[in-house]
1. Using the Karplus curve 6.51 cos²θ - 1.76 cosθ + 1.60 with θ = phi - 60°, work out ³J(HN,Hα) for each residue of region 169-186 in order, rounded to whole Hz, and write x for Gly and Pro.
2. Per the helix-only calculation at 222 nm, which mean residue ellipticity applies to the chain, given -39500 (n - 2.57) for every DSSP H run of n ≥ 4 and division by its residues, nearest 500 deg cm²/dmol?
3. Could you give me the radius of gyration and the Dmax of region 268-346, taking only the C-alpha atoms into account and expressing both in angstrom?
4. Label region 341-438 by shape, choosing from rounded, prolate and oblate, from the square roots a ≥ b ≥ c of the eigenvalues of the Cα gyration tensor; if a/c is under 1.5 it is rounded, and otherwise prolate applies when a/b is larger than b/c, oblate when it is not.
5. Dipole of region 131-190 (Lys/Arg Cβ +1, Asp/Glu Cβ -1, origin at the Cα centre): which of I132, L152, G181 lies farthest to the positive side?
6. Suppose every K and R has +1 on its Cβ and every D and E has -1 on its Cβ; what is the size of the dipole of region 341-438 about the Cα centre, in Debye to the nearest 20?
7. Could you work out which residue, out of R297, R91, R428, moves most in a Gaussian network model of the chain, that is, has the largest mean-square fluctuation with Cα springs under 10 Å?
8. Set Lys and Arg Cβ to +1 and Asp and Glu Cβ to -1, take the dipole of region 236-304 about its Cα centre, and tell me which of A275, L252, L296 lies farthest positive.
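FYI, it's all coordinate maths here, none of it is from the lab. The structure presented is a predicted model; accordingly, all values stated were derived computationally and were not measured. In this analysis, Cβ positions are derived from the backbone assuming ideal geometry, glycine residues included, and neighbour counts consider all displayed protein chains.
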Amino acid sequence: MTAHRAPATRRELALVLREAGGRLDDVGLAELQPRVDDYVRRLNSACAGERAVIALTQESAEDFFAVVLAAWLTDSVPLLCASLTDAPHGRLGAELSPTARVCRPAGSDAVVDGDSTAVLHMTSGSTGRPRIARRSCASVLNEAAGYRARLLLSPDDTVYVPIPLTHSYGWGVAFAALMAGARLDARRLVHARRAAARVEAASVVALTAPMADLLASTPTTPSAGPRIVMVGASRVSRDLDERFAVRFGVRLTRNYGCSETGPTFIGAAGLPENAVGTPMPGVAVLAPEPGAEGELRLLLDAPAEGFLGACDKPVTQWATGDLVRRGQDGVVTFLARLHSSARLNDRTVDLDGLCRAIRHVPGVVDVFPVVLARSASETEDLYAVVQGTGVNRSQVEQSRSAFPAGTGSVRLVYCDMLPTTVSGKVDRAHMIKIIDAEWPGR
């Protein structure tokens, strides 16, 4: 593998991005300089020369990237959040704008003592408390170079990214578009018909499966359509792929990755259901071997830095926690999430064994374990949210005999479809509501 050269510091990364020639609609990043300078003055006043973490959410793409550039130019690190109230493990300080505040997360010294961390992403927190993943300058530049190579990005492209820029997937595609000198349209998906028109006007589009499903239902209009439509952060069904192709004239390209590493796989349009494709530039597969099944393990050109506040050392070998099948042609197909283990009332329980036992029941599509504390009690319970239409519940109950030790008291919850956010991640808050409805007064 050939490593892509990355700026060594955040300040260098800001200069490289600004000089790449990317545009936010018709506004070049260089034209944002007065706004960037204003944020630099506010940051310097608030932090008195100290490196800071900047909790940042999205209102407009222009303001979002102006704060990012200001943060890097002052040697600070943006922490991307769905909302400022979601900034975890810390307290908010000086306000830079309605969507940006200085943040003092616990363990922030693990970031501000180094030069390499470019951005902080929050994990989904589906099974527990969200964590803050650290992404280095090398990692985000590798990501941009990989997208540029696989999506054939050029300054002539218009790249439509309605995914929130605070999501690691939306961030990565948007940053790559700007680094390629392309025009970025980051307007959020509010009205389906207007968003469909933006899809038709773009050459490259990044969506989640729920977004693609919504857009596939809009009225068909005569249009040349985009060159590539990529779907990430969620599963692409055969039905969705076919309906989207009928509506927009292009099949869906797959995207696979995580908050800690950025994208690692892209799949060509028209792949079978659950296939995620082949590695991005800068990524190699360590396991499983071609023709085998097993946990997907990767070798990364740009090391993963781990999590904020942890004593993680950067690593180039990454265990994804996903069970996959690797074809002889190199195409990887996702099979199931390996949930490994969890702490339940100070005991370690085997979540993989639990999920395997439930998945063996006919009709079960997926199962998601969640550990929750009881109301007004320190006692914790393990819930298994079972996805599937028409699942025979008595058969799931009978499968209890196969549950691993320590999970016998698991509480079962059923739904036709696991709830997801607009970004395609499992929606923990909605999942807890489903649990509360089936287990009232828990």
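1. Each residue of region 169-186 in turn: 5, x, 4, x, 5, 5, 4, 5, 4, 5, 5, 7, x, 7, 8, 9, 10, 10 Hz.
2. Calculated mean residue ellipticity at 222 nm is -8500 deg cm²/dmol.
3. Over region 268-346's Cα set, Rg and Dmax evaluate to 14.6, 46 Å.
4. It is oblate, given that a/c is not under 1.5 and a/b is not larger than b/c.
5. Value computed over the given set: I132.
6. 120 debye
7. The residue that fluctuates most here is R91.
8. Working it through, the farthest residue towards the positive pole turns out to be L252.
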